[in-house]
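Below is one structure, written out as structure tokens; comments come after it.
The values are calculated or read from the model by the stated rules, or taken from the named source; none is laboratory data. These figures come from a predicted structure and were not determined experimentally. Heads up, the Cβs are rebuilt from the backbone with ideal geometry, glycines too, and the neighbour counts pull from every protein chain shown. Quick note on the areas: whole protein, heavy atoms, side chains included, nothing else; ligands and nucleic acids left out. Shrake-Rupley method; radii C 1.70, N 1.55, O 1.52, S 1.80 Å.
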Amino acid sequence: MKKLILEELGRMSVAEFQEAPKLPICLVLDNIRSLHNVGAAFRTADAFRIGKIYLTGITGTPPHREIQKAALGATESVQWEYVAETVDAVRKLKEEGHTIVAVEQTTDSVSLETFKPSADARYCLVFGNEVNGVSEEVLPLTDVALEIPQAGTKHSLNVSVCLGIVAWEFFKQLR
């Protein structure tokens, strides 16, 4: 076994990525305060060819040194847009036919391990603030709330870890 060097990985260029088909998924980052989490979201979106990221509220936007540190250039490949109010972004995406998925613990949450995304649907995955979660005014617009099963003493994961797990599950099932 030998570790592959970058040139051996056969990754596409930014231009090739932008032209390549994407998963029918967009992300909404709802008031994410950590720029490292924002950068990690870009890197994850690039890894799983997610269509677009909507940065809302207090969520930082590129270009920013702290975002770039985690994104490693993914802000150049992944399409993104800033929308001041999370609810406005979600409402627009719902009107465009996206299934709105809040990644949040609610009274009606569905376990990620049992959720089966449809290959015919377009999804908007909403990830909330590190402390307060998905905004209360967004929840009535959601079609489903997903929850990642956990067995430890903490009640949540870091938003970038959560985003990676959920994005991987959708990628695995939809690709």
Can you work out which of the residues in region 134-173 that are farther than 26 Å from ARG49 by Cβ and touching a residue at least 40 places away in the same chain (Cβ under 8 Å) is least open to solvent (accessible area, probe 1.4 Å)? SER135
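Evaluate the following for VAL161: is it under 23 Å from THR59 (Cα atoms), in contact with an Asp or Glu (Cβ under 6 Å, 6 or more places away or on another chain) and part of a helix (DSSP H, G or I)?
Spelling it out, it is not the case that VAL161 is under 23 Å from THR59 (Cα atoms), in contact with an Asp or Glu (Cβ under 6 Å, 6 or more places away or on another chain) and part of a helix (DSSP H, G or I).
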Given the conditions (1) within 21 Å of SER156 (Cα to Cα); (2) in a loop (DSSP other than H, G, I, E, B), report the number of the one that LYS116 does not fulfil. (1)
Select the helices (runs of 4 or more DSSP H) contained entirely in region 1-79, then report the ones holding at least 2 residues which are within 25 Å of VAL138 (Cα to Cα), touching a residue at least 24 places away in the same chain (Cβ under 8 Å) and open to solvent by less than 50 Å² (accessible area, probe 1.4 Å). 35-47
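Would you say GLU130 is out of contact with any strand residue (DSSP E or B) (no Cβ under 9 Å at 6 or more places or on another chain), more than 10 Å from LEU146 (Cβ to Cβ) and open to solvent by 20 Å² or more (accessible area, probe 1.4 Å)?
Values: out of contact with any strand residue (DSSP E or B) (no Cβ under 9 Å at 6 or more places or on another chain): yes; more than 10 Å from LEU146 (Cβ to Cβ): yes; open to solvent by 20 Å² or more (accessible area, probe 1.4 Å): yes.
Against the criterion (out of contact with any strand residue (DSSP E or B) (no Cβ under 9 Å at 6 or more places or on another chain), more than 10 Å from LEU146 (Cβ to Cβ) and open to solvent by 20 Å² or more (accessible area, probe 1.4 Å)), GLU130 qualifies.
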Residue list for region 93-108, restricted to those being open to solvent by less than 70 Å² (accessible area, probe 1.4 Å) and among the hydroxyl-bearing types (Ser, Thr, Tyr): THR99, THR106
Could you figure out which of (1) more than 29 Å from ARG11 (Cβ to Cβ); (2) touching a strand residue (DSSP E or B) at 6+ places or on another chain (Cβ under 8 Å); (3) in a loop (DSSP other than H, G, I, E, B); (4) not charged (D, E, K, R) isn't true of ALA102? (3)
